[in-house]
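See structure below.
The values are calculated or read from the model by the stated rules, or taken from the named source; none is laboratory data. Predicted model, so just to flag it, every value in this text is computed and none were measured. In this analysis, Cβ positions are derived from the backbone assuming ideal geometry, glycine residues included, and neighbour counts consider all displayed protein chains.
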Amino acid sequence: MKPPASQLPRLLASLPKEGMHALVRPVQWPANSFWRINRSKLKFSTQDGKEELRAHGTAWGQLFWRGKYLPHARKRQEKVSGSLKWKWVHIPMRSLDDKTRASVEATALPEPLVKPQRVQIKARHIAAMEAEAEAETAGPIAADEAKPTQ
């Protein structure tokens, strides 16, 4: 019995961890050609009058073609194209032949994407923080004297 085919976002939504590290391929591709999903960003919506959730979104991964990893020229992972255009199926790791399985296991997973947090402090906040620091070092009496009287 063949596994059911569906659009990629819907398939990833049905898998654990939104398809993280899953092997998927379009139905028309050869059996040993597939994507290993490394990251997905799914959105869910409903249509008016229907209770069914619809999944949309994008996925990024590593491409394996005919059992061999095809690295992207500049990136360790690339955006999976055709996610809504084609029907996709999940490939269990145990269904791969030994050579393809060894190729998948030997290929390193990319580092998770962590965006650095940007800290933007305005000049007036910096001046206020410096004034507080000076007041703490001067002592409590000097801090009271430094306050303006009304």
Quiz item: Across the range 15-34, which residue is surrounded by the fewest Cβ atoms within 10 Å (Cβ to Cβ) among those that are modelled with pLDDT of 85 or more and touching a Leu at 6+ places or on another chain (Cβ under 6 Å)?
Solution: ALA22
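Conditions (1) modelled with pLDDT under 80; (2) small (Gly, Ala, Ser), marked per residue:
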| site | (1), (2) |
| --- | --- |
| THR100 | no, no |
| GLU105 | no, no |
| GLU111 | yes, no |
| PRO116 | yes, no |
| ALA123 | yes, yes |
| ILE126 | yes, no |
| GLU130 | no, no |
| ALA133 | no, yes |
Quiz item: Considering ARG74, ARG39, ARG54, ARG10, which residue is at pLDDT 85 or above, more than 13 Å from the chain's Cα centre (by Cα) and either crowded, with 17+ Cβ neighbours inside 10 Å or not hydroxyl-bearing (Ser, Thr, Tyr) (or both)?
Solution: ARG10
